[in-house]
Amino acid sequence: MVGTFPLLSVQPTRGLVDEKIQVVVRNLPPALSVTLHSLHCSEDKDLWEAFGHYTSDGQGTVTVAKDASLGGTYEGAEPMGLLWSMQPVPGSRTGLRLRKMDVLTPMVVHISVYSGHMTEGFSKHSPLATVVTERWYMAPGVCRIDIKEHGVRGTLFLPPGPGPFPGVLDMWGGGGGLVEYRSCLLASHGFVSMALEYLSHDKNRTSDIESKTYFEKAFRIVQEHPLVMKDRVALFGLSLGTSVSLNLAAYSKVISPRCCVCISGGHVYPAKSISDVIMKMSEDGYKNQFAEEGCLVWRDIILPIPTDLGEKVDMGKIKCPLMLVVGEDDQNMATVESAKDMTQMMCAAGNEHLLTILQYPDAGHLIEPPYTPHFRASNFIVPQAQHKVIVLWGGYPKPHADAQEDCWEKSLSFLRQHLYPSPDSVPKATL
């Protein structure tokens, strides 16, 4: 390396989290072994890293988008491997999960190139070159608004521009709290989206969300915003959020969602309140199993899928387009079996034309926006009991990463198809 000055290029250095980056190293000696390394310090001050081993070509260049990684946290030609294969650095706390809670700031990722094929001790060596990148959920011009009205708590995100826009009510799962990053990213793609808090960590608020009225109020807040097309509002749910979405779509006499995107959830446990669902899940807790170093496996609690229509959502009552997203290695919920039963119910009712299913082999439960690192298991705080367990989510890094990328693209297309009046009216996300 004497007398050479490697040039590392990362484009764009500032982009949305679902935007691909181009990483190229130039001005290396031909056939040089190098390691490309990414490093991120989370909001919890934990360090996450990924790395790939490369050999420069005859021109002294490494192009991550087309050259194969020979080893590391990912292998093969993986343009985004430096992001989706991130894992805690050796010696970190156990059960970590990487999530962005403050969407007003970016995820800062340092991408470096080192001489040789390294697997550890990166902090003890000097890189040949480093580029600092920013990954944003919030595009310029997106507006964040705290919602505390009619007993409803959430965060509303407005896209830039005069509108009007379609709307989305976004609901996460049983972990509770207010999770904003998916809603923020939806707004960056032209949807007014509200992240809804419905399992509060504040026990004094439990009574506020006891009935589906809470969710209907939240839907109306989105619907009645002056920038929203009132007849073009969707439901977007993951895990327990899927159960809420299906119950609303089937039984609400107050709201009529234009379409629903339901990820990693099921139709068992129709209920008048969230506490009913939680209570029923607790009653079925004897079905829980422990596997893989004591991790809790929840998937069996809804098995066998009941035949009694009173114990599951009547899918024949669904009147809007529905997209189901299923990871075949989901260890948190029996989504494969649930999706099969939902399909049979809709076929019997004659509304199967409304159903789209995306099913991904070897993907787990936490199917998130693209390039989010995969977590086969992680810490989980049970909201009602406030005790910590390690939950097995399932999935394997590469197929799960592929599922997240494909699912996000198709979810956005599904929302645009059913919410926007015409393809020409869809705004383009830029940063």
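The values are calculated or read from the model by the stated rules, or taken from the named source; none is laboratory data. None of these values were measured; they are calculated from a predicted model. Cβ atoms come from the backbone with ideal geometry, glycine included; neighbour counts cover every protein chain shown. Areas reflect the complete protein model, heavy atoms only, side chains present, ligands, DNA and RNA absent. Shrake-Rupley method; radii C 1.70, N 1.55, O 1.52, S 1.80 Å.
For the range 44-74, filtered to residues that are charged (D, E, K, R) and more than 15 Å from Pro373 (Cα to Cα), the residue that is least open to solvent (accessible area, probe 1.4 Å) is Asp67. Just one residue in the set Glu283, Glu328, Glu311 is free of Cβ contacts under 8 Å to residues at least 60 places away in the same chain and touching a Pro at 6+ places or on another chain (Cβ under 6 Å); that residue is Glu328. Thr130 falls short on exactly one of the conditions (1) in contact with a Cys (Cβ under 8 Å, 6 or more places away or on another chain); (2) among the hydroxyl-bearing types (Ser, Thr, Tyr); (3) open to solvent by 60 Å² or more (accessible area, probe 1.4 Å), and that condition is (1). Filtering the range 83-95 down to residues that are over 17 Å from the mean Cα position of the chain (by Cα) and more than 17 Å from Ser123 (Cα to Cα), which residue is most open to solvent (accessible area, probe 1.4 Å)? Per the criteria, the residue is Arg93. When the range 96-119 is filtered for residues that are under 11 Å from Glu49 (Cβ atoms) and either aromatic (Phe, Trp, Tyr) or assigned to a strand (DSSP E or B) (or both), the ones remaining, listed by number, are Val109, His110, Ile111, Ser112. Annotation for the range 17-37: at least one member residue is exposed (fewer than 14 other Cβ atoms within 10 Å of the Cβ) and part of a strand (DSSP E or B).
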